[in-house]
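Novice: This is the structure, below, for whatever I ask next.
Read-outs: derived from the displayed coordinates by stated rules, not from any lab. All values derive from a computational prediction rather than experimental measurement. Don't worry about glycine lacking a Cβ; one is built from the backbone with ideal geometry, like all the others, and counts go over all protein chains shown.
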Amino acid sequence: MKLTSESKFFIGIIAATIFIIAVAIILLSQPQKPIIKEELIPASAPTRGNKDAKTWLVEFSDFQCPACKLFAAAVDELALKNPDTLYVAYRHFPLPQHPLAQKAAITAEAAGAQGKFWDMDKLLFGNQDTLTDAKFTELAKSLNLDMTAFASASSDTKIVDKINTDVSYGNKLGLNATPTFYLNGVKMDVGKPEDLKGKIEEVINSNVQ
Amino acid sequence: MDKQSITINRIIFILSIAGVCMAIYVLQSFLRNTGIVCLTGTGCELVRRSPISYPFGIPVPAFGLVGYTGLAILSFLQTMNHEQRTMNLLKGMLGIAIFGICFVSWFTIMELFVIRGLCSWCAVSAVNMYVIFGLVVKSIRLPKKLFS
């Protein structure tokens with residue numbers, strides 16, 4: 001079979017493409033450098049569990065994201081099961097296509113100002129399909145919050161700034177979906193809540209041994 | 001091959017190689033369960049996590065990879081200068097392109113109305129396949145004129 005000059009031109013394109021793909025594969029398969037704990041978990045982030053635990057998990061989440069709701073139940077279960085061996089932090093990443101996500105994040109932070117972030121987190125995900133402005137107040141009342149302080153915190157620009165800082169940081173990390181998890185500073189690749197539980201329990205067990 | 005056929009074949013080849021590259025990128029994300037850089041926000045993630053993106057258990061980009069690779073190979077073989085074989089190769093390319101446009105059309109409908117999320121890579125790939133189909137049809141018409 002004789003190669004024409006056109007065939008050789010095509011072979012050149014194929015060779016260049018293979019080279020580019022090979023370089024991309026090498027770059028993509030490089031192990032990620034873990035992000036330090038203090039950077040991923042700022043002092044203001046809502047946390048639970050043992051601060052000194054060897055296993056720490058950071059979740060970037062959105063209260064209006066259906067996948068986040070599924071994963072939130074798994075994170076809850078893990079946090080309750082491993083209070084001494086797991087440290088969990090929440091970072092806000094409300095997505096623009098979810099109109100009430102930012103307000104929900106503010107509500108959670110306003111509840112957090114009264115020490116009830118995680119209770120509100122559970123309520124917000126539990127009522128995800130029926131969230132409205134009135135619902136936020138109703139949920140706050142159901143937690144017996146001081147409603148004057150809650151209303152004041154809800155309009156506090158510091159909370160908005162805090163959420164925006166989380167979003168900016170998430171964007172800096174290149175996040176494009178929620179929920180996104182970092183386990184001991186390394187971004188996790190999980191498709192299902194069961195995968196998340198499995199991987200975290202594996203790390204907890206290896207750290208305990 | 002005349003000059004116009006050569007130009008069309010070059011375009012088909014480059015578009016097929018681009019399709020192969022896109023398919024590899026998206027496929028590795030499906031297989032490694034990692035995020036995809038997406039121009040349509042979270043659309044790519046929604047699509048990646050949907051069971052519809054795994055017809056017969058096969059990730060959608062694997063179909064694209066096979067199709068575009070087939071088109072690139074046939075397009076390459078066309079450069080070997082053999083008129084009768086060129087016509088057969090074009091028919092083969094037409095077959096792949098017809099399957100391709102049916103597949104991308106079905107998947108785009110699924111994205112819009114069932115998954116309710118649009119993956120930018122899938123959209124670009126769909127347009128790519130339609131352009132290839134158009135070019136193959138144009139290319140088939142050209143040799144017919146020449147040979148008659």
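Novice: Going by how many other Cβ atoms sit within 10 Å of their own, how do A:His92, A:His98 line up, fewest first?
Specialist: If I rank by nearby Cβ atoms, fewest first, I get A:His98, A:His92.
Novice: Using only alpha carbon positions, build the gyration tensor of the protein assembly as shown, then give the equivalent ellipsoid semi-axes as the square roots of 5 times its eigenvalues, largest first, whole angstrom.
Specialist: In descending order the semi-axes read 52, 22, 16 Å.
Novice: Another question, then. So if R0 is 56 Å, what FRET efficiency would B:Lys91 and A:Ser155 give, r being the distance between their Cβ atoms, rounded to the nearest 0.05?
Specialist: Efficiency, from the Cβ-Cβ distance: 0.25.
Novice: Another question about this same structure. Hey, which aspartates and glutamates would be in cross-link range of A:Lys69, C-alpha to C-alpha under 18 Å, not counting anything within fewer than 8 residues on its own chain?
Specialist: Straight-line reach from A:Lys69, under 18 Å: A:Glu59, A:Glu77, A:Glu109, A:Asp119, A:Asp121, A:Asp129, A:Asp189, A:Glu194, A:Asp195, B:Glu45.
Novice: Using a Cα-Cα cut-off of under 14 Å, which aspartates and glutamates could be cross-linked to A:Lys81, ignoring same-chain neighbours fewer than 8 residues away?
Specialist: Reachable aspartates and glutamates: A:Glu201, A:Glu202.
Novice: Another question about this same structure. How about the protein assembly as shown: what cysteines have no other cysteine beta carbon under 4.7 Å from their own?
Specialist: B:Cys21, B:Cys102
Novice: Among the aspartates and glutamates, select those whose C-alpha is under 13 Å from the C-alpha of A:Lys172, and discard any that sit fewer than 8 residues away in the same chain.
Specialist: Candidates past the 8-residue exclusion: A:Glu39.
Novice: I would also like to ask the following. Counting other beta carbons within 10 Å of each residue's own, what order do B:Glu111, A:Glu38 fall into, fewest first?
Specialist: Exposure proxy ranking, most exposed first: A:Glu38, B:Glu111.
Novice: Taking every residue in B:70-77, how many Cβ atoms of other protein chains lie within 10 Å of its Cβ, on average?
Specialist: Per-residue shielding by partner chains comes out at 2.
Novice: For segment A:1-54 and segment B:14-83, compute the distance between their C-alpha centroids and round to whole Å.
Specialist: Taking the Cα centre of each part, segment A:1-54 and segment B:14-83 sit 18 Å apart.
Novice: Taking each residue of A:5-12 in turn, how many C-beta atoms of other protein chains fall within 10 Å of its C-beta, and what is the average?
Specialist: That works out to 4 on average.
Novice: Using Cα-Cα distances under 8 Å and only pairs 6 or more residues apart, what relative contact order does segment A:26-135 have, in percent?
Specialist: 29 percent
Novice: A further question follows. What list do you get for B:Val131, B:Val26 if you sort them by fewest beta carbons within 10 Å?
Specialist: Starting with the residue having the fewest Cβ neighbours, the order is B:Val131, B:Val26.
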